[in-house]
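The values are calculated or read from the model by the stated rules, or taken from the named source; none is laboratory data. Bear in mind that the values here come from a model prediction, so they are computed numbers and not experimental data. Cβ sites come from the backbone with ideal geometry, for glycine too, and all protein chains shown count toward neighbours.
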């Protein structure tokens, strides 16, 4: 009986060690951060979709309406990556333009189809209709909705043209949902 209990305890000990090691490996994978270069982001983004990455670049633009987006680039000005603010990161400061930053976040995917474009157009047109035209010219509260709607309509037209020219069912764009950033 003692031998049986001893063997049972040893078996339980080995089983628990295996579980701890497996748990540690899983936690390591969850916290693992891949480093990607701005110049390679567009090409490698599909393999990083949904994963945590770290990227460094120069801030070339911070959106003036709330600082919810910023764009970083490498030495090649044609290679840019869109970074989106989150609750974790907070909004971006326009004074960061020209600064070098390191961003850590999750790669997100946005797919644009003809149906999603129609919905975006409809929502933007509805937003324009609900904003008084005189509010835009007098600077009253609410005029920014009209500006946002007009910007959306321009994007919709641009994406529609790209989609038509691509002969594909959808356009795919990748960005990074920022969890943390540091000015270098």
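Here is a yes/no grid of residues against (1) modelled with pLDDT under 65; (2) exposed (fewer than 15 other Cβ atoms within 10 Å of the Cβ); (3) within 26 Å of the chain's Cα centre (by Cα); (4) in a helix (DSSP H, G or I):
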position: 146; (1), (2), (3), (4): no, no, yes, yes
position: 164; (1), (2), (3), (4): no, yes, yes, yes
position: 168; (1), (2), (3), (4): no, yes, yes, no
position: 175; (1), (2), (3), (4): no, no, yes, no
Q. Any idea which of (1) at pLDDT 85 or above; (2) over 22 Å from the mean Cα position of the chain (by Cα) is the one residue 138 doesn't satisfy?
A. (1)
Q: List the number of the failed condition for residue 57; all other conditions in (1) without any contact (Cβ under 8 Å) to a residue 24 or more places away in the chain; (2) more than 30 Å from residue 168 (Cα to Cα); (3) touching a helix residue (DSSP H, G or I) at 6+ places or on another chain (Cβ under 9 Å) hold.
A: (1)
Q.
Of everything in segment 76-99, what is without any contact (Cβ under 8 Å) to a residue 12 or more places away in the chain and either surrounded by 13 or more Cβ atoms within 10 Å (Cβ to Cβ) or closer than 15 Å to residue 41 by Cα (or both)? Give them in sequence order.
A. 78
(Q) So if I check each of 81, 59, 103, 107, which one is outside any loop (DSSP other than H, G, I, E, B) and farther than 15 Å from residue 177 by Cβ? (A) 59
Q: Test residue 20 against the stated conditions and say whether it is at pLDDT below 95, more than 27 Å from residue 148 (Cβ to Cβ) and surrounded by 17 or more Cβ atoms within 10 Å (Cβ to Cβ).
A: no
